[in-house]
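A.B. asks: Let me begin by handing over the structure; questions about it come next.
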Amino acid sequence: MKLVIFDFDGTLVDSRKLIIESHRVIFGQYGFSLPSEEESLSLIGMSLELVLLQLAGPDAPVGEMVAAYQRVLPRLRADAAFAEVPFGGAADLLAALAGQNEVRLGIATGHVSHAIAPALERFGWQRFFCTVQTADKAPSKPHPGMVLQALSEASINAEDAIMIGDTAFDMEMARAADVRGVAVSWGYHRADRLRGAGASRVVDNMSELHDCLFEAIAPSSRAPQAP
């Protein structure tokens, strides 16, 4: 295993409060009924345009709403009450993987480039990733475009890559790109849905994910202990 591609929201960071508050502001601004948390979170991972189209309906001014969302997002992120928070152990896992000479890391997210870049910079994570795939560079998940572009940019074959995500969209994207998909259970989709979407394994905590990845890096050697 030479390339690990991570989803962002729900996999590396807890963005639940940011997502719900963003929807509250935008749907209120445009006079639409606020979708339930379950409805909102079930679509996380898809491009924002598709999320808003499904939640607000075909007659909604989706383009305007997307633009408004991008204006609101920096303000909400600046408020500690709503900003994304890394899941415990995420930073340590990224650092441990980045320390492996033969391993490269990537991101595949439903965010657009100018939305994900500030978050990676705030956490000091931008140095970890050799490829960052976003909704303005490729079709929305579950289309395999993000993974295929990540493979191309990293010069890695599909059989030597793995996709880590928390939604069925991540697993379907990985399967469509012929890449192994490993799902995490702490995100926005249930384990049975993740397995149904093609996850080869569902892990329940960051330590288990650490061991899974290091076993894939060097299957014949004992993985170092998780921090």
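The values are calculated or read from the model by the stated rules, or taken from the named source; none is laboratory data. Note that this is a predicted model, so its numbers are computed, not measured. Accessible surface is based on the protein model in full, side chains and every heavy atom, while ligands, DNA and RNA are left aside. Shrake-Rupley method; radii C 1.70, N 1.55, O 1.52, S 1.80 Å.
A.B. asks: Can you list residues from other chains, or at least 5 along the same chain, whose modelled amide H is less than 5 Å from the amide H of V184?
C.D. replies: Answer set, sorted by chain and number: G165, D166, V203.
A.B. asks: May I pose another question? Would you compute the Debye intensity of the chain from its alpha-carbon atoms alone, equal scatterers and no solvent, and pass along log10 I(q)/I(0) at q = 0.07, 0.09, 0.15 Å⁻¹ to two decimals?
C.D. replies: Computed log10 I(q)/I(0) values: -0.21, -0.34, -0.96.
A.B. asks: Name the aspartates and glutamates eligible as straight-distance cross-link partners of K141: C-alpha to C-alpha under 14 Å, and not fewer than 8 places from it in the same chain.
C.D. replies: Straight-distance partners of K141: D7, D9, E49, D166, D170, E172.
A.B. asks: Percent of accessible area on the chain owned by carbon and sulfur, 1.4 Å probe?
C.D. replies: Using a 1.4 Å probe with all protein chains present, the chain comes out at 49 percent carbon and sulfur.
A.B. asks: Still on this structure, I have one more. Please turn the phi angles of segment 118-135 into ³J(HN,Hα) values with the Karplus equation 6.51 cos²θ - 1.76 cosθ + 1.60 (θ = phi - 60°), one per residue in order, whole Hz, x for glycine and proline.
C.D. replies: The phi angles translate into x, 5, 4, 5, 4, 8, x, 9, 4, 5, 7, 10, 8, 8, 10, 9, 10, 5 Hz.
A.B. asks: Between 0 and 90 degrees, rounded to the nearest ten: what's the tilt of helix 16-29 against the longest Cα principal axis of the chain?
C.D. replies: In the chain, helix 16-29 runs at an angle near 20 degrees to the longest axis.
A.B. asks: Quick one: which residues, 5 or more positions from R104 or on another chain, have an amide H under 5 Å from its amide H? H modelled 1.01 Å from N in the peptide plane, none for Pro or chain starts.
C.D. replies: Distant-sequence amide H within range of R104: L3, V4.
A.B. asks: In terms of modelled amide H atoms, which long-range or inter-chain residues lie less than 5 Å from the amide H of Q133?
C.D. replies: The list, which skips near neighbours in sequence, is I107, A108, T109.
A.B. asks: Explain nothing, just compute: Karplus ³J(HN,Hα) = 6.51 cos²θ - 1.76 cosθ + 1.60, θ = phi - 60°, for every residue of segment 190-203 in order, whole Hz, x for Gly and Pro.
C.D. replies: So the Karplus estimates, Gly and Pro as x, are 6, 4, 5, 5, 5, 5, x, 7, x, 4, 6, 7, 10, 9 Hz.
A.B. asks: From the backbone phi of segment 79-93, what are the Karplus-calculated ³J(HN,Hα) couplings (6.51 cos²θ - 1.76 cosθ + 1.60, θ = phi - 60°) in whole Hz, Gly and Pro given as x?
C.D. replies: 9, 4, 5, 10, 4, 4, 10, x, 5, x, x, 5, 4, 5, 5
A.B. asks: State, in angstrom, two size descriptors of segment 33-99 derived from its alpha carbons: Rg to one decimal place and Dmax to the nearest whole number.
C.D. replies: 15.6, 49
A.B. asks: Averaged over all directions, how much area does the convex hull of the C-alpha atoms of segment 132-227 cover when projected, in nm²?
C.D. replies: Mean orientational projected area (segment 132-227, Cα hull): 6.5 nm².
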